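Asks: Let me begin by handing over the structure; questions about it come next.
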Amino acid sequence: MSPGPVYLVGAGPGDPGLITVRGLELLRQAEVVVYDRLVHPALLEEAPPEALRVFAGKLAGLHSLPQEQINALLVAHARRGRCVVRLKGGDPFVFGRGGEEALALAEAGIPFEVVPGVSSAVAVPAYAGIPVTHRGLSSSFAVITGHEDISKGEPAVDWGHLATAVDTLVVLMAATTLPRIIARLLAHGRSPETPVALIRWGTTEAQETVTGNLADILEKAAGLQPPVVAVIGDVVRLRDRLRWFDRPGPLRERKAALPALRQ
């Protein structure tokens, strides 16, 4: 029996309408769907009713399945000739371990395709009314993971170079390590007055945004729970004028009334 294909599909940042046309097409043909915690439930309903659905989510270091087990699961189902969709939040290759899964498939001789997704690094700030670049304010941005192995002696991110090297910093999975990140940024020359936005459950109806600066954001956002994307830089000042998704009015009411994906 020839192995089935595995599709590493980016589900987007939360709003189910942000999945790509290609991703939705493959999801509707899937025999097995292995999905992450932040995948919207409406997307799982797009898979055929008989498709096997396997949860492989992670929460603050608590893994339902270790990564090696996820890799083995994808290989095992593909070797049974099944069409497998690995549905991952955001983009598979942006802090999604999609590269590790692709390597495991390649080493096992399993055919695979990567379907890029809309990354939360740009979509979540956009839904909060914050462009990551803007003429006169930001001509560069960096995307950083907030998850670091605290058992390591030195941080994985070179904050000494990064703190002032780019205009806008976007930190994914930022909730638990934000105090350490802010301390490093201040220690390496970033101004305490630098604006900060923390966006929880970005692009979903539960979206919540807290703004401040490096000096006061921890106090303002005390108790804010994951998932959180942090945006650090002068572009945050544009939010008051550019916010659209979470501003009360006809547009928000119209979006709330949109039908589910399947027609």
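Asks: Name every residue in segment 29-43 that is assigned to a helix (DSSP H, G or I) and among the aromatic types (Phe, Trp, Tyr), in order of residue number. Spell out how you get there, then give the answer.
Replies: Residues of segment 29-43 assigned to a helix (DSSP H, G or I): 41-43.
If the condition is that a residue be assigned to a helix (DSSP H, G or I) and among the aromatic types (Phe, Trp, Tyr), then no residue fits.
Asks: Okay, next question. Would you please list the contacts, defined by Cβ atoms under 8 Å and residues six or more apart or on different chains, that run from a residue in segment 205-234 that is closer than 19 Å to residue 247 by Cα to a residue that is of a type outside the set (Phe, Trp, Tyr) and loosely packed, with under 14 Cβ neighbours inside 10 Å?
Replies: Pairs found: 205/256; 210/220; 211/220; 212/219; 212/220.
Asks: Only one of these is free of Cβ contacts under 8 Å to residues at least 12 places away in the same chain and assigned by TED's automatic domain parsing to the domain that holds residue 27: 89, 99, 109, 136. Name it. Outline the logic, then answer.
Replies: Working: 89 fails: free of Cβ contacts under 8 Å to residues at least 12 places away in the same chain; 109 fails: free of Cβ contacts under 8 Å to residues at least 12 places away in the same chain; 136 fails: assigned by TED's automatic domain parsing to the domain that holds residue 27.
From the options 89, 99, 109, 136, the qualifying one is 99.
Asks: Any idea which residue in segment 144-156 is modelled with the lowest pLDDT, counting only those that are small (Gly, Ala, Ser) and under 21 Å from the mean Cα position of the chain (by Cα)? Working first, answer last.
Replies: First, the residues of segment 144-156 that are small (Gly, Ala, Ser): 146, 151, 153, 156.
Then drop every residue that is not under 21 Å from the mean Cα position of the chain (by Cα), which leaves 146, 156.
On the way: 146: 89, 156: 77.
That would be 156.
Asks: Looking at (1) touching an Asp or Glu at 6+ places or on another chain (Cβ under 6 Å); (2) part of a loop (DSSP other than H, G, I, E, B), can you tell me which one residue 1 breaks?
Replies: For residue 1, the exception is condition (1).
Asks: Can I ask one more? Anything in segment 66-92 that is in contact with a helix residue (DSSP H, G or I) (Cβ under 9 Å, 6 or more places away or on another chain) and more than 24 Å from residue 42 (Cβ to Cβ)? List them, or say none. Before the answer, list the steps.
Replies: From segment 66-92, those in contact with a helix residue (DSSP H, G or I) (Cβ under 9 Å, 6 or more places away or on another chain) are 67-68, 70-72, 74-75, 78, 83-92; that's our starting set.
Correct list: 67, 68, 71, 72, 75, 78.
Asks: Okay, next question. Report yes if some residue within segment 10-28 is assigned to a loop (DSSP other than H, G, I, E, B) and over 20 Å from the mean Cα position of the chain (by Cα); otherwise report no.
Replies: Quick first cut of segment 10-28, residues assigned to a loop (DSSP other than H, G, I, E, B) only: 11, 13-15, 19-20, 28.
After this cut, where a residue has to be over 20 Å from the mean Cα position of the chain (by Cα) as well, the list is 28.
Yes, because at least one residue in segment 10-28 is assigned to a loop (DSSP other than H, G, I, E, B) and over 20 Å from the mean Cα position of the chain (by Cα).
For every residue, the table says whether it meets (1) under 12 Å from the mean Cα position of the chain (by Cα); (2) surrounded by 15 or more Cβ atoms within 10 Å (Cβ to Cβ); (3) over 24 Å from residue 218 (Cα atoms).
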| residue | (1), (2), (3) |
| --- | --- |
| 103 | no, no, yes |
| 112 | no, yes, yes |
| 125 | yes, yes, no |
| 135 | no, no, yes |
| 158 | no, no, no |
| 162 | no, yes, no |
| 177 | no, yes, no |
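Asks: Keeping to segment 79-118, report how many residues are in contact with a Lys or Arg (Cβ under 7 Å, 6 or more places away or on another chain) and modelled with pLDDT under 95.
Replies: Total meeting the criteria: 1.
Asks: Regarding segment 70-83, can at least one residue be identified that is within 17 Å of the chain's Cα centre (by Cα), closer than 20 Å to residue 107 by Cβ and among the β-branched types (Val, Ile, Thr)? Step through it out loud before you land on a result.
Replies: Applying the first criterion (within 17 Å of the chain's Cα centre (by Cα)) to segment 70-83 yields none.
No, segment 70-83 has no match at all.
Asks: Look at residue 37 and say whether it is free of Cβ contacts under 8 Å to residues at least 60 places away in the same chain and under 22 Å from residue 204 (Cβ atoms).
Replies: Working: free of Cβ contacts under 8 Å to residues at least 60 places away in the same chain: yes; under 22 Å from residue 204 (Cβ atoms): yes.
Considered against the rule, which asks whether it is free of Cβ contacts under 8 Å to residues at least 60 places away in the same chain and under 22 Å from residue 204 (Cβ atoms), residue 37 comes out as yes.
Asks: Could I ask something else about it? Out of segment 175-234, which residues are touching a Pro at 6+ places or on another chain (Cβ under 9 Å) and among the charged types (D, E, K, R)?
Replies: Once the filter is applied, which keeps residues that are touching a Pro at 6+ places or on another chain (Cβ under 9 Å) and among the charged types (D, E, K, R), segment 175-234 yields 180, 184, 200, 216, 234.
Asks: Could you grab me the full set of residues in segment 83-101 that are more than 20 Å from residue 25 (Cβ to Cβ) and in a helix (DSSP H, G or I)?
Replies: 99, 100, 101
Asks: Separate question: Output the residue which, of all residues in segment 236-254 that are at pLDDT 75 or above and assigned to a loop (DSSP other than H, G, I, E, B), is farthest from the chain's Cα centre (by Cα). Outline the logic, then answer.
Replies: Quick first cut of segment 236-254, residues at pLDDT 75 or above only: 236-248.
Then keep just the ones that are assigned to a loop (DSSP other than H, G, I, E, B); that gives 243-248.
Details: 243: 20, 244: 20, 245: 18, 246: 19, 247: 23, 248: 25 Å.
Selected residue: 248.
The values are calculated or read from the model by the stated rules, or taken from the named source; none is laboratory data. Because the structure is a prediction, the values reported are computed rather than measured. As a convention, Cβ positions derive from the backbone with ideal geometry for all residues, glycine included, and neighbour counts pool all protein chains shown.
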